[in-house]
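Peer 1: Just dropping this structure here.
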Amino acid sequence: MKIKLNGEETTLDKDSITISELLALKDVKMPDMVSVEHNGDILDRDKFDTTQVKEADQVEFLYFMGGG
Amino acid sequence: MTLSEEQIERYSRHIILQDVGGEGQEKILNSKVLIIGTGGLGAPAALYLAAAGVGNLGIIDSDVVDLSNLQRQVIHFTPDVGKPKVESAKEKIAEINPDVNVTAIHDLFRADNALDIIKDYDFIIDGTDNFPAKFLINDACVMGEKPFSHGGILRFDGQTMTYVPGSASYRCVFNGPPPPNSVPTCSQAGVFGAIAGMLGTIQAAEALKYIIGKGDLLTNRLLIFDALKMNFRTVNVKPNQERLKITKLVDAEQASCELKNG
C-alpha cells in the first residue's frame, strides 16, 4: 500500500500496519520522542498499538524539540 | 499618538508597506511583547522586535552569558560573558532603538509567577530551552488567554506554531513533556547556530503580524523545517478541547543535565 508519511509518498509491502509497527519499521528507536498524527488527528500514545494505518492514509511523526 | 519625523524615517520601510503603514507602525510602538528566554531564539526575536519599534519589550531569563552561547545567541557579545543575559540584552536593545522600553526580569519563569508576568503583555514568545518551561508557557497562556509563539530547535531542525485563544495549543500536538532524558537537549545533541536565527525571526514576524492584525498566523499549523535539506512544511493540527482545559500550573521535573539554559 501507499501512504503519505511526513508529507512524502511511501510504499509499504503490507495492506495495513499499526502505528507502533510503522514507528519500528521507520527505525524510530524511542517512540517517547515523537507525537503521531494520523489522518489529521493527534493520537494518544496508548492508541499506537491498536491504530491501523491503511492505503492512502496520512501519518506525521512530529518530534519533540526542546531547544532554544 | 503621532509619529515624529525621526520615527517616520526610522520606520519608513515599514510605513511604505501597505499592510503596515503609519497605522500599523503606531500599533507596534504601542505594543507589549514578552520574550521568555534570551538565548538562541529570544536573541534574534528581541533584536528584530526592538528594531521594529515594539514599545514595551519584556525579557525574562535567570541565566548568565556563557562562552558556549555566543555561537548562536547573537544579542550577546564576547565581553558579556558572565553577565546576566537580560542585562546584556537590555543594553543592546537600548543601542538599537531608544523608542523601546525594556523590562528586564532576572528570574526563572515559574508556575508561581507565570500568570502575573504575562498579564501585562499582548503577545508572548517562547524562547526557552527545556520542556517544563515550554509546557508552562503554553499552560499559562492558555489559562491567561494570551497569544504566544511556540518555538523549538534541535540539531538542524526547527518547529514553531502560534497560539491564539481558541486555536490548537502546543499541548494539543504534544500532550506533555517527554520523560526526562528521552529527548536530547541542544547542549547534549548540538544545534546549528543559524537555525536559531531562522526560527527566532519567524517568531518575531508572527508577533508583529499579530500586533498589526495582518496576514495569516501559524495557528492550527505546526511549521517544521530541516535546514540540512532546507525543506519547510506545515502540518495542520486541530484544537483538542480536553487538552485546552488547563486548571493549574505546575513546574515539571527535569533531569539536572537539562537545567543549563541554552
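FYI, it's all coordinate maths here, none of it is from the lab. Predicted, not measured: the structure shown is a model, and the values here were computed from it. Heads up, the Cβs are rebuilt from the backbone with ideal geometry, glycines too, and the neighbour counts pull from every protein chain shown.
Peer 1: Using a Cα-Cα cut-off of under 16 Å, which lysines could be cross-linked to A:LYS2, ignoring same-chain neighbours fewer than 8 residues away?
Peer 2: Candidates past the 8-residue exclusion: A:LYS14, A:LYS26, A:LYS54.
Peer 1: Here is a follow-up. Work out the length of the dipole vector of chain B about its Cα centre, built from +1 on the beta-carbon of each Lys and Arg and -1 on the beta-carbon of each Asp and Glu, and round it to the nearest 20 debye.
Peer 2: Value, rounded to 20: 780 debye.
Peer 1: Roughly what would the spin-label model give for A:SER16 and A:ARG45, points 7 Å off Cα along C-beta, in nm?
Peer 2: Once both label points are built, they end up 2.6 nm from each other.
Peer 1: Turning to a different aspect of this structure: Once you list every other residue whose beta carbon is under 12 Å from the beta carbon of B:LEU3, what net charge do they have if Lys and Arg are +1 and Asp and Glu are -1?
Peer 2: Counting the neighbours of B:LEU3, the net charge comes to -4.
Peer 1: Mind giving me the nanometre distance, one decimal, between the label points for B:THR234 and B:ILE8, set 7 Å out from Cα along Cα→Cβ?
Peer 2: 3.6
Peer 1: Right, another one. Cα centroid distance between region B:39-67 and region A:28-68, in Å?
Peer 2: Going from one Cα centre to the other spans 33 Å.
Peer 1: Taking only the alpha-carbon atoms of region B:92-155, what semi-axes of the equivalent ellipsoid follow from 5 times the gyration tensor eigenvalues under a square root, in whole Å, largest first?
Peer 2: Each semi-axis is √(5λ); the values are 21, 16, 12 Å.
Peer 1: Sort A:ASP57, B:ASP251 by Cβ crowding within 10 Å, fewest neighbours at the top. Mind showing how you got there, number by number?
Peer 2: Numbers: A:ASP57 18, B:ASP251 15.
In order of increasing Cβ crowding within 10 Å: B:ASP251, A:ASP57.
Peer 1: Follow-up. Taking only the alpha-carbon atoms of region B:23-156, what semi-axes of the equivalent ellipsoid follow from 5 times the gyration tensor eigenvalues under a square root, in whole Å, largest first?
Peer 2: Three semi-axes, in Å: 21, 19, 13.
Peer 1: If I take all pairs of Cα atoms in chain B, what percentage of them are more than 35 Å from each other?
Peer 2: I get 10 percent for the Cα pairs in chain B exceeding 35 Å.
Peer 1: Oh, and also: D for the protein assembly as shown, whole µm²/s, Stokes-Einstein with Kirkwood Rh over alpha-carbon pairs at 20 °C and 1.002 mPa s: what number?
Peer 2: Roughly 105 µm²/s, to the nearest whole number.
Peer 1: A further question follows. In deg cm²/dmol and to the nearest 500, what is the mean residue ellipticity at 222 nm of chain B if only DSSP H runs of at least 4 residues count, each as -39500 (n - 2.57), divided by the residue total?
Peer 2: Mean residue ellipticity at 222 nm (helix-derived): -9500 deg cm²/dmol.
Peer 1: Can you give me the span-like helices of chain B, meaning DSSP H runs with 27 Å or more of Cα extent along the axis and Kyte-Doolittle mean at or above -1.0?
Peer 2: Working: long enough: B:193-212 (29 Å, 1.12).
The qualifying helices are B:193-212.
Peer 1: If you don't mind, another one. Taking every DSSP beta bridge that has both residues in region B:31-258, what percent is antiparallel when rounded to the nearest 5?
Peer 2: That works out to approximately 50 percent antiparallel.
Peer 1: What average number of partner chain Cβ atoms lie no more than 10 Å from the Cβ of the residues making up A:55-66?
Peer 2: The per-residue average across the peptide is 6.
Peer 1: Please report, in whole Å, how far the alpha carbons of region B:108-261 spread along each principal axis, starting with the longest.
Peer 2: Each principal axis gives a Cα extent; for region B:108-261 these are 38, 35, 27 Å.
Peer 1: List A:TYR63, B:TYR170, B:TYR163 from most exposed to least, where exposure is judged by having the fewest other Cβ atoms within 10 Å.
Peer 2: Starting with the residue having the fewest Cβ neighbours, the order is A:TYR63, B:TYR170, B:TYR163.
Peer 1: For the charge dipole of the protein assembly as shown, defined by +1 on Lys and Arg C-beta atoms and -1 on Asp and Glu C-beta atoms about the Cα centroid, which residue among B:PHE135, A:VAL34, B:LEU115 has the Cα displaced farthest towards the positive pole?
Peer 2: A:VAL34
Peer 1: Moving on. Length gain on complete extension for the stretch B:LEU17 to B:GLU253, per 0.36 nm per residue less the alpha carbon to alpha carbon distance?
Peer 2: On the way: separation 236, 0.36 × 236 = 84.96 nm, distance 4.60 nm.
Length gained between B:LEU17 and B:GLU253: 80.4 nm.
Peer 1: Give me the base-10 log of I(q)/I(0) for region A:10-64 at each q in 0.13, 0.18 Å⁻¹, Debye formula, one uniform scatterer per Cα, rounded to two decimals.
Peer 2: Ignoring solvent entirely, the Cα scatterers give -0.27, -0.53.
Peer 1: Given region B:31-258, what count of lysine pairs have C-alpha atoms under 14 Å apart, with each pair 8 or more places apart or on different chains?
Peer 2: 5
Peer 1: Here's another thing I want to ask about it. Under unit Cβ charges (Lys, Arg +1; Asp, Glu -1), what dipole magnitude, rounded to 20 debye, does region A:2-63 have relative to its Cα centre?
Peer 2: It comes to approximately 80 debye.
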